[in-house]
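Note sheet for the following structure.
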Amino acid sequence: ATGSISVTNQTVANGTAFKPSSLLVSATDSNGSTVDLSTVTYTGTVIPTHSGTYAIQFSFTDSDGSTVTQTALWTVQAKGTASAANIAEAVVTNKTTGSESLKVTNTTLVVGQAYRAASAFVSATDSEGNAVPASAITVAGTVVSSKAGVYPVVYSFTDPYTGDVVSQTALVTVTPATKVVTA
C-alpha cells in the first residue's frame, strides 16, 4: 500500500493572502498512520493580486521511502468578481471574464505514455484579438505518467495590453495499461 494526501481546492478574493495549510486536509502513511501535516511540504507559487488558478503540489516521504504527492488548486478571483461560482464556471467551461481567451482540452494517457504540455493547448487570444503563441503560455503542474490518476495542469499567459493573467486548467488523466489476453 502507498500513502496518501487529501487536499481541497480553494477560490479566494483577489488580494487574499495565500495559506497553503488551508488546502491540506490530511496525510496518511503506507502503514495507515496519520502523518503530521507540518512534515508535508509544498511547491508552487501564488500571486495573491493576480487572478488565475495556481497548482500547488504537496508531498511527503512515506515510511517505505517513496514520495507521495497530491495537487490542489488555489484560484484567485478577478477583481470585482461576483462569486466563486462564476470563477468555477469559467474554469470548467474554459471561458474568461474579459475579452482575452485561453482554450485548453482535457487529455487522457496510458501509464508510461509521455505527456506533452502542447497536446492540451488549443488556442489563446489577447484583449486586442491577437493570437497568443504556444511559446508564450506558462504551464504549471506535474503529470506522473508512470502512475494512474488525474492531474490538473494550469495554462496561463499575461495579456500585454491589460496586464490580466488569463488561466485555464486542463485535466490530464493517466489510465492503467491494459493487458491484451489472447485465447
_Take the residues in segment 141-159 that are at pLDDT 85 or above and among the small types (Gly, Ala, Ser); name whichever of them is nearest to residue 67 (Cα to Cα)._
146
_For residue 58: the one exception among (1) crowded, with 21+ Cβ neighbours inside 10 Å; (2) at pLDDT 90 or above; (3) hydrophobic (A, V, I, L, M, F, W, C); (4) farther than 30 Å from residue 33 by Cα_ = (4)
*Residue satisfying condition, being hydroxyl-bearing (Ser, Thr, Tyr) and open to solvent by 50 Å² or more (accessible area, probe 1.4 Å), within set 22, 30, 63*: 63
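Please verify whether residue 166 is more than 14 Å from residue 117 (Cβ to Cβ) and touching a Phe, Trp or Tyr at 6+ places or on another chain (Cβ under 9 Å), treating the condition exactly as stated. Full working, then the answer.
Values: more than 14 Å from residue 117 (Cβ to Cβ): yes; touching a Phe, Trp or Tyr at 6+ places or on another chain (Cβ under 9 Å): yes.
Taking the combined requirement at face value, the residue satisfies it.
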_Out of everything in segment 143-165 that is in a strand (DSSP E or B) and within 11 Å of residue 108 (Cα to Cα), what residue ends up being most open to solvent (accessible area, probe 1.4 Å)?_
150
*asked:* Tally up the residues in segment 112-135 that are among the charged types (D, E, K, R) and either under 16 Å from residue 170 (Cα atoms) or surrounded by fewer than 13 Cβ atoms within 10 Å (Cβ to Cβ) (or both), please.
replied: 2
*asked:* Checking the condition within 17 Å of residue 75 (Cβ to Cβ) and open to solvent by 70 Å² or more (accessible area, probe 1.4 Å), which residue from 169, 138 passes?
replied: 138
*asked:* Consider segment 26-61. How many of its residues are over 14 Å from the mean Cα position of the chain (by Cα), among the polar types (S, T, N, Q) and in a strand (DSSP E or B)?
replied: 6
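Please indicate, with yes or no, whether at least one residue in segment 13-25 is within 18 Å of the chain's Cα centre (by Cα), in contact (Cβ under 8 Å) with a residue 60 or more places away in the chain and under 21 Å from residue 155 (Cα atoms).
In the first step, residues of segment 13-25 are kept if they are within 18 Å of the chain's Cα centre (by Cα); the result is 18-25.
Add one more test, that the residue is in contact (Cβ under 8 Å) with a residue 60 or more places away in the chain, and what stays is none.
Within segment 13-25, not a single residue is within 18 Å of the chain's Cα centre (by Cα), in contact (Cβ under 8 Å) with a residue 60 or more places away in the chain and under 21 Å from residue 155 (Cα atoms).
The values are calculated or read from the model by the stated rules, or taken from the named source; none is laboratory data. Remember, it's a predicted structure, so these values are computed and weren't measured experimentally. Reconstructed Cβ throughout: ideal geometry from the backbone, glycine too, with neighbour counts over all protein chains shown. Side chains included, ligands, DNA and RNA excluded: accessible areas come from the protein's heavy atoms. Shrake-Rupley method; radii C 1.70, N 1.55, O 1.52, S 1.80 Å.
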